[in-house]
Each structure stands twice: as C-alpha cells, then as structure tokens.
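The values are calculated or read from the model by the stated rules, or taken from the named source; none is laboratory data. Please read these numbers as outputs of a predicted model, since none were measured by experiment. Here the Cβ positions follow ideal geometry from the backbone for every residue, glycine too, while neighbour counts run over all protein chains shown. Keep in mind that these areas ignore ligands, DNA and RNA; they rest on the heavy atoms of the full protein, side chains included. Shrake-Rupley method; radii C 1.70, N 1.55, O 1.52, S 1.80 Å.
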Amino acid sequence: MKKFITFLSLLFLCCLSLSAAEVVIDGIKYTLQKDNTVSCKAVKKDALVDVELPASVRLNGIDYYLGGIADNGFADCKNLKSIVIPNTVKKFGKYAFENCPNLESVVMPDDAVATIAQGNYGVGNYGIFRGCKKLANVSGHGFPYPKYVVYDAFYGCDDTPFYKTIVEEGSTELTSRTFQPESFSSFAETRLKRSVEDWQIRKSYETQAQWEARVNDESRNKYIEQTLASLKLEYLNKYTPKTLKGKLQEYVRDFEFFPIELNNQVGTVYASVPKNEQTKFAEDWSKTTIQPVYGILDDMPAVLSCKFISPDNKEYTSARSYGEDDFTPLVVNITPLAAVKEYEKTLLADNGKISVRKDFVPDAVDINIPVSDVDNKKTFAVIIGNEHYQRVAPVDFAANDARIFEQYCEKTLGIPSTNIRTYFDATYGDIRAAMRDIRDIASAYNGDIRVIFYYAGHGVPDESNRNAYVLPIDAEGNDLASCYPLSTLYDELSALNAESVVALIDACFSGSVRGDGMLASARGIKLKPRSLQPKGKLIVLSACFGDQSALPYDEKGHGIFTYYLLNKLNDSKGDINLGELSDYLSEEVARQSVVVNRKLQTPTVNSSPELSSTWRDIRFK
C-alpha cells in the first residue's frame, strides 16, 4: 500500500511538471521542448480563423521562443483562413497544415525546415500543405519565396493553387529569388565590433606596457582594415556565383558597348567593343569567358568591373568600373580606444581597490558608461564586492561587479566620488565600519539624503533556524559568530535617517556558490532562508528567490543580476524608477539564466510596508 501511495505521489508530481511545461492560449497549445523553445499545436481547431502566432510564449514566468509547429499541428482546421508564422519558427512537423480547405494566405519564416511525409516504397511523399485547395497567397517575411517553401513545404502538393505558381514561374527563377543575400552591414557589423573589441582589450597575461605596445591607434586601424577585408572576402564568397554567365543584349553603336545581363542577380555590365569588332564579338560570345571583379555597392554584392576573354584570347573590358562603398559607418559603433584606456585606469588604481584581472573580456556595459551632468550630491552609495575569500570558494566577478557599479554611481547617476564608499574583499570589521559610516552621514544630514547599498558576494544560512548571513572574506560559513546577520543589515539600513534606502543584493543565502557547487559548510544541502521584512524607508532588490542560486554570466564577466542591472542603467542613462528596473530584472534575469546557465533565477523585490504603494516611483537620480 505504501509503495502504491508513493507511485501515485510521483505520478501526481509528474503531471504537475508536465502541466507547468505547457499552456493553451486562444485555442493553441504551446509545449516546452528540450532545446528551451516551444512548439505549438491547435486544440480548438474549429475556432481558428485568422491566426498570428507569437514569437515567444511565457511559461512559469519565463519567455521562450516559438521554435516549431508540431506534427499535425494545424491539420484539419476547417475554418482556418490565414496564418502568420514568426521567423523564430525553424521546424514544421509532417502534416502540419494538411487538409485546411479554407486556408488562403500564409506568411512563412524565412529560414526553416518543412518535413516531407514519407509514403510507402517512395510513393505518396508530400509536403505540409496537401489538401489546402484555396491556398494561393504564400510569402516569407523578408522576400517572396524562401527556398524550403518551394522545394519542401509544397512538395507534391499539386492540389494547391500556389503549387501551380511554382510550376508556372519555373524553378530557375524561384531559386534565384530564394538566395537574396543579406546586406554587408548586416553580415559584418556585429562580427567586426566583437572582433575589434576583443582584440583591443588587455589580456590577463599582458602587462600594461605589453598591452600599450600592442594596441595603439595605428595598430587598431590596421586591425580594423584587415578584419574588414577578411569579412568582405567571406561575404563575397558566400553571395556571389562561382561561375558567371551573361545574356548578350543589342549593341549600342553610339557608345560602342554591348549590355550584358548577368545571371544570379548581380546586375548588368557593359563590354566596350569597337564597332569594327562587334560582329565577331557577338559570334564568339558563347565561348567567351567572363572574369568579374566583385565588390560591395549599395551594401549588396555587385560586379565592379569585368574582363571578357574571347576564344582567341583577345581581352575586352567593361565600359566603366565602380568604386566600392565606404565602410566607415561600420566602425562608428566600436568602442573607442580612449574608452578602453579609461577602463584600464580603473583596474590599475592603487587606492586599496582590487586590481586582479579575471580571465574575461569586458563587455560594452563596462566601458561605454553614460555620463550625466546631474549633481546628485545628496545621494550616498555603499558598495561591497567580496570575491577573494580566505577560507571558501571565490565569488567570480564580484570585484568587477562592484567596480563597474561604482563607475555607474559616479558617472551615470551623478553621485560625487566623495559620496561613494567602495569596499573590496570586506572583512567583518570592514562591514561594521561601512554601516557605522553611513549611519553617521545620515545623522549629519538629518534625513535629507538618499542611500544606495550594493553587495556582491557569498551569503550563508544557519541550518538550525534558516537565518541568513552575509559572509565576510575572513569568515567561514560554519562559524556564524564571524558572519554578519542579514537581519542586522536590514535593521541598520531600515533605521537610517534617509528619504529612501535602496539595497541591491547580488548574492544568495541558500548555501550555494555563484555558479555550480556548494559552500563546504552547507553540506551539499540548499536551504530556503527565512524571509525578512524591510522596515522604514528600505526597498530590497535581490538577485534570486528562496533556495535559488545567484548565478554568473561568464561571458560578460559579471553576476547575471548585476549585468542586467548595469545594462538597464546603461540603456536608460540612469533615468529610471525602481518599478521599471524591477520589471526589467525580473524578466531578463529569469529568461537569460535558463539560457546561459540552464537554471532558473528569479529576482525579487521586497519593500517596507511604509513604501508599499510608492516604492515603484522612486528614482535613482
């Protein structure tokens, strides 16, 4: 009997898990897949008429991209008249739209796979639109007929009007329309930016002198030139034909040239041919070799000039040559070298700050920090970044978190440097001194200040009562007498005589470390710490909920909570209220933590009862 109850419990949990992984919206069921996208399938088929599928769907508070249409997804939807499918969809299951007799219009993704149903012994193969006898209007988002639509989606679907369009227009024309290239700017801009910004950052193995010798204005310009040349070659190899043919047009006697219409949509060129050689040139045309010089004009691949080699090796040239585009606009958004040098200065400061380089490439949010002309002289910031612990695992990037947040406080929020107290690798005594200092400041200003408190580092739980503690760098999690109680921190911040106190906590208090693993003192068991209620004028934005972990964003060199905090301050130039910031962090951190770390992290906000109705309107500057 006991085993049977256990089985029922497991079955119930499995059902709960399954239901949490799908949702029904407007008669369509969206189901979470192993690749962290959702697929969809109609469940109220007769209710669907004009449908526009969303690019993303929210499950359990997280937005997932719509990645596919399930097998038989919209089959037998008798009343379905039109459907728009977003570009996020990359796969169509077999029979996806089979037998939708009133379907007239479909907008398809530009790049996807449409599964062809396989019949017996090679007989009866067909695409996803068989039986759609009114379907005549089909297109992609960016160009008329994506290749997979022509050759896969409508394979064997000769009962659709669109199939007749394919046959009438011919596969050659449709194929050329399929391979519409992206612009060079779209192809190259992001790749150029990433390559140059990666190259110009000082590496962890370089001394300052070595970096300055390697990276300067001259070498940077040379690197940009070489990278652009490489990207241009890759682009032209991808989007220009390997062999070029042309159709000879009627000779223009006044200008002595033949217009030659080239294939593969690379334009028309004009061969300079003297009047007395025009007849022979035309006679030899079928055996003439075309030697193009490709380049980029109007942001697209084009023939800049041509040579035409006759069978007897006589050489003719194109009537004119074109100059390539100016690629300067692609360089504009690359982080300037001066900004990188300014960033390096912050790492070399010798005023007690940690200058150890982590092995990561600084992100744009670290370097392109907006500068405000606001004088925020009545706001004070206390910033603690605990990375290098003496007795437990480090908190990767906590020093960078604190250092860059300090820069945003000064440059973007306009807080004077004298009002910012930053503590790297703070001991118990440092934390006590920091709290005493801000209490004295608040008292001296008689409440006419605002306070920002930021902490990145370890937190630990008391296993006996689930009380939470901030872990100083000289403490161990199993010696709670040397740790700083989170309740004490809340009480001290709540008691400050200030207009508002905003605490930003990039730490968890479950016993886990940033990333994978547990603190040695936590015995491998995650605990949900006891919740605390802020008082007075305190609002707390925390990196995660309950027993979740505060995760890193290795690629960006930050905790994932801090990265999106900085990113929002960057985008808004600090002109933002706590409600907007909280909404943004809740959405982006929850979404990206699953993508980047494959774990859910949900930021939380907790305000004092006194500010419960007004905290969302509080601004940083």
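Quick rundown of the values:
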{"quantity": "Unmet criterion (only one of (1) open to solvent by 30 Å² or more (accessible area, probe 1.4 Å); (2) modelled with pLDDT of 90 or more; (3) assigned to a helix (DSSP H, G or I)) for LEU581", "calculated": "(1)"}
{"quantity": "Conditions (1) under 20 Å from LYS222 (Cβ atoms); (2) surrounded by 14 or more Cβ atoms within 10 Å (Cβ to Cβ); number of the one not met by ALA338", "calculated": "(2)"}
{"quantity": "Single condition THR288 does not satisfy, out of (1) out of contact with any Asp or Glu (no Cβ under 9 Å at 6 or more places or on another chain); (2) loosely packed, with under 15 Cβ neighbours inside 10 Å; (3) not small (Gly, Ala, Ser)", "calculated": "(2)"}
{"quantity": "ARG450 vs. criteria among the basic types (Lys, Arg) and at pLDDT 95 or above", "calculated": "yes"}
{"quantity": "Qualifying residue in segment 347-354 (condition: open to solvent by 10 Å² or more (accessible area, probe 1.4 Å), in a loop (DSSP other than H, G, I, E, B) and modelled with pLDDT of 70 or more)", "calculated": "no"}
{"quantity": "Matching residues, segment 396-430, being surrounded by 22 or more Cβ atoms within 10 Å (Cβ to Cβ) and among the aliphatic types (A, V, I, L, M)", "calculated": "ALA398, ALA399, ALA402, ILE404, LEU413, ILE415, ALA426"}
{"quantity": "Selected residue (criterion: surrounded by the fewest Cβ atoms within 10 Å (Cβ to Cβ)) from residues of segment 192-205 that are at pLDDT below 85 and not small (Gly, Ala, Ser)", "calculated": "TYR205"}
{"quantity": "Complete set of residues in segment 45-94 that are within 21 Å of GLY127 (Cα to Cα), touching a Cys at 6+ places or on another chain (Cβ under 8 Å) and open to solvent by 40 Å² or more (accessible area, probe 1.4 Å)", "calculated": "LYS45, ASP76, LYS78"}
{"quantity": "One residue from ASP516, ASP506 being within 23 Å of ASN597 (Cβ to Cβ) and modelled with pLDDT of 55 or more", "calculated": "ASP506"}
{"quantity": "Cβ pairs under 9 Å, 6+ apart, first in segment 107-118 and free of Cβ contacts under 8 Å to residues at least 24 places away in the same chain and of a type outside the set (Asp, Glu), second surrounded by fewer than 22 Cβ atoms within 10 Å (Cβ to Cβ) and not in a loop (DSSP other than H, G, I, E, B)", "calculated": "ALA117/TYR126"}
{"quantity": "Failed criterion for PHE258 (all others in (1) modelled with pLDDT under 90; (2) assigned to a strand (DSSP E or B); (3) of a type outside the set (Val, Ile, Thr) hold)", "calculated": "(1)"}
{"quantity": "Residue pairs meeting the criteria (Cβ under 6 Å; at least 6 apart or on separate chains; first over 18 Å from LYS34 (Cα atoms), in segment 46-70; second part of a loop (DSSP other than H, G, I, E, B) and charged (D, E, K, R))", "calculated": "VAL49/LYS81; ASP50/LYS81"}
{"quantity": "Selection within segment 30-44 - in contact with a Phe, Trp or Tyr (Cβ under 7 Å, 6 or more places away or on another chain) and either open to solvent by less than 40 Å² (accessible area, probe 1.4 Å) or at pLDDT 95 or above (or both)", "calculated": "THR37, VAL38, CYS40, ALA42"}
{"quantity": "Residue among ARG403, ARG391 that alone is in contact (Cβ under 8 Å) with a residue 12 or more places away in the chain and under 22 Å from GLU476 (Cβ atoms)", "calculated": "ARG391"}
{"quantity": "Selection status of ASN276, modelled with pLDDT of 90 or more and either in contact with a helix residue (DSSP H, G or I) (Cβ under 9 Å, 6 or more places away or on another chain) or more than 25 Å from ALA302 (Cα to Cα) (or both)", "calculated": "yes"}
{"quantity": "Inter-residue pairs, beta-carbon under 9 Å, first within 13 Å of ILE539 (Cα to Cα) and in segment 482-498, second open to solvent by less than 10 Å² (accessible area, probe 1.4 Å) and of a type in the set (Ser, Thr, Tyr), 6+ apart", "calculated": "LEU489/TYR455; SER494/SER608"}
{"quantity": "From the options ILE83, ILE62, residue that is within 32 Å of the chain's Cα centre (by Cα) and at pLDDT below 85", "calculated": "ILE62"}
